[in-house]
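Asks: Let me begin by handing over the structure; questions about it come next.
The values are calculated or read from the model by the stated rules, or taken from the named source; none is laboratory data. What you are looking at is a predicted structure, and each value in this text was computed from that prediction instead of being measured. So basically every Cβ, Gly included, is an ideal-geometry build from the backbone, and we count neighbours across all protein chains shown. Side chains included, ligands, DNA and RNA excluded: accessible areas come from the protein's heavy atoms. Shrake-Rupley method; radii C 1.70, N 1.55, O 1.52, S 1.80 Å.
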Amino acid sequence: WSRPGSHFTLLFEALAMSLCQTMTVAETARLLRVTAHRLWRSVGHYVAVARGKDDMSEVKLIGIDETSLRRGHQYVTVVHDFDAKRLLFATEGRDHETVGAFKADLIAHGGQPQRIEHVCMDMGQAYIKGVTEQLPQAQISFDRFHVIALANDAM
């Protein structure tokens with residue numbers, strides 16, 4: 001009735017994970033009167049289980065972008081599958097090496113880098129370098145937000 005090492009019953013863990021989908025882990029921990037650290041361990045377990053089952057064999061069209069992790073200059077690179085409309089990969093940083101890390105993760109989950117036909121991304125030189133090195137067969141296009149921003153700056 002409980003997962004080994006969890007310290008929670010499966011029913012309690014299911015409730016906690018459901019709440020964590022709509023609330024922060026800190027808020028859920030306060031509500032359930034447990035430590036956030038224990039909830040993060042459960043979240044980590046279920047994320048690892050889900051990632052282990054992830055199949056990327058059909059991925060052909062991806063989007064690469066960065067988002068700010070915290071205030072300041074800490075960024076996370078995210079890669080999305082545009083066909084399946086899902087997040088494939090996220091990692092800290094926004095340099096060309098993040099594309100190499102994605103390629104390794106893609107292969108680990110049954111994907112084939114040579115099947116990537118198209119990459120839509122911002123105009124960052126790091127991503128351009130990463131894609132041309134790691135996914136040379138992929139056509140690159142730039143997302144409309146950055147293209148429109150350049151056009152507005154030019155005007």
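Asks: Relative contact order of the chain, please, whole-number percent, based on alpha carbon pairs below 8 angstrom and at least 6 residues apart. Please report the intermediate quantities before stating the final value.
Replies: Values: 196 pairs, mean separation 25.1, N = 155.
About 16 percent, as a whole number.
Asks: With a length cut of 24 Å (Cα positions projected on each helix's long axis) and a Kyte-Doolittle mean of at least -1.0, go through the chain and give me the DSSP H helices that pass.
Replies: Details: long enough: 36-53 (26 Å, -0.32).
Helices meeting the criterion: 36-53.
Asks: On to the next question. Assuming R0 = 30 Å, what is the FRET efficiency of ASP83 and LYS129, from their Cβ-Cβ distance, to the nearest 0.05?
Replies: On the way: r = 25 Å, r/R0 = 0.84.
About 0.75, to the nearest 0.05.
Asks: Under 5 Å between amide H atoms, partner at least 5 residues away or on a different chain: which partners does LEU69 have, H built in plane at 1.01 Å?
Replies: Under 5 Å from the amide H of LEU69: GLN74, TYR75, VAL76.
Asks: Using a Gaussian network model of the chain with C-alpha springs under 10 Å, which one of GLU58, GLU97, GLU13 is most mobile by mean-square fluctuation?
Replies: Sorting by GNM fluctuation, first place goes to GLU13.
Asks: Okay, next question. Identify the chymotrypsin sites (Phe, Trp or Tyr not before Pro) of the range 1-65 meeting these criteria: DSSP loop state and at most 15 other C-beta atoms within 10 Å of the C-beta.
Replies: Details: sites: TRP1, PHE8, PHE12, TRP40, TYR46; in loops: TRP1, PHE8.
When the chymotrypsin sites (Phe, Trp or Tyr not before Pro) of the range 1-65 are filtered for loop state and at most 15 Cβ neighbours within 10 Å, TRP1 remain.
Asks: Roughly how many nanometres apart are two label points built 7 Å out from the Cα toward the Cβ at SER18 and SER6?
Replies: Taking the two extended label points, one gets 1.4 nm.
Asks: Kindly give Rg over Rh for the range 43-155, based on alpha-carbon atoms, with the Kirkwood expression for the hydrodynamic radius. Write down the numbers at each step before the final one.
Replies: Values: Rg = 14.6 Å, Rh = 14.8 Å.
Computed over Cα atoms, the ratio is 0.99.
Asks: If you roll a 1.4 Å probe over the heavy atoms of the protein chains, what accessible area per residue do you get for the range 70-119, in Å²?
Replies: Heavy-atom SASA per residue in the range 70-119 reads 60 Å².
Asks: Let me ask you something else. No solvent, one uniform scatterer per C-alpha: report log10 I(q)/I(0) for the range 9-105 via the Debye equation at q = 0.10, 0.18, 0.20 1/Å, two decimals.
Replies: These q points yield log10 I(q)/I(0) values of -0.37, -0.99, -1.08.
Asks: In whole percent, and with a 1.4 Å probe on the protein chains, what portion of the accessible area of the range 10-140 is carbon and sulfur? Each step should come with its number before you reach the end.
Replies: Values: 4300 of 7780 Å².
Roughly 55 percent, rounded to a whole number.
Asks: What distance in nm separates the two pseudo spin-label positions at ARG115 and PHE145, each 7 Å out from Cα along the beta-carbon direction?
Replies: Output for this residue pair reads 2.8 nm.
Asks: Which residues' amide hydrogens lie under 5 Å from the amide hydrogen of PHE142, considering only partners 5 or more residues apart or on another chain, with H built in the peptide plane?
Replies: MET121
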